[in-house]
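Read-outs throughout are calculated quantities, based only on the coordinates presented, and are distinct from any laboratory measurement. Every value quoted in this text rests on a predicted model; they were computed, and no experiment measured them. Neighbour counts are summed over all protein chains in view; Cβ atoms, including those assigned to glycine, are modelled from backbone coordinates with ideal geometry.
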Ligand code: FES
């Protein structure tokens, strides 16, 4: 299947998580927190909230707990609160 990662078409396999797709593309820093800081995934099991990305327009989706679907739109390093506060 194909998904879009930050606007780029990327191949993904059924059963893969969004996080594994992101990491397979070489991205280690995926999330931007409410203070504008960028971080990488930490726990990989849904606890730390360090992998929050925007999926299909919805903010703060856990990449490590979300399975890919065909045509999914994934955006990394975005945060609705940080974007609102930006000049
Ligand atoms: S990596 Fe910790 S919640 Fe996803």
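Give, in nm to one decimal, the length gained when the segment between residue 58 and residue 43 is fully stretched (0.36 nm per residue of separation minus the Cα-Cα distance). Don't skip to the answer; put the middle values down first.
Numbers: separation 15, 0.36 × 15 = 5.40 nm, distance 2.17 nm.
Net length gain for the segment: 3.2 nm.
Sort 60-68, 1-9, 30-38 by the packing proxy (mean of other Cβ within 10 Å over each peptide's residues), most packed first.
Top of the packing list down: 60-68, 30-38, 1-9.
Would you order 81, 22, 47 from fewest to most other beta-carbon atoms within 10 Å of each residue's own beta-carbon?
Numbers: 81 14, 22 24, 47 11.
Starting with the residue having the fewest Cβ neighbours, the order is 47, 81, 22.
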With label points built 7 Å along Cα→Cβ from the Cα atoms of residue 14 and residue 81, find their separation and express it in nm.
3.8 nm
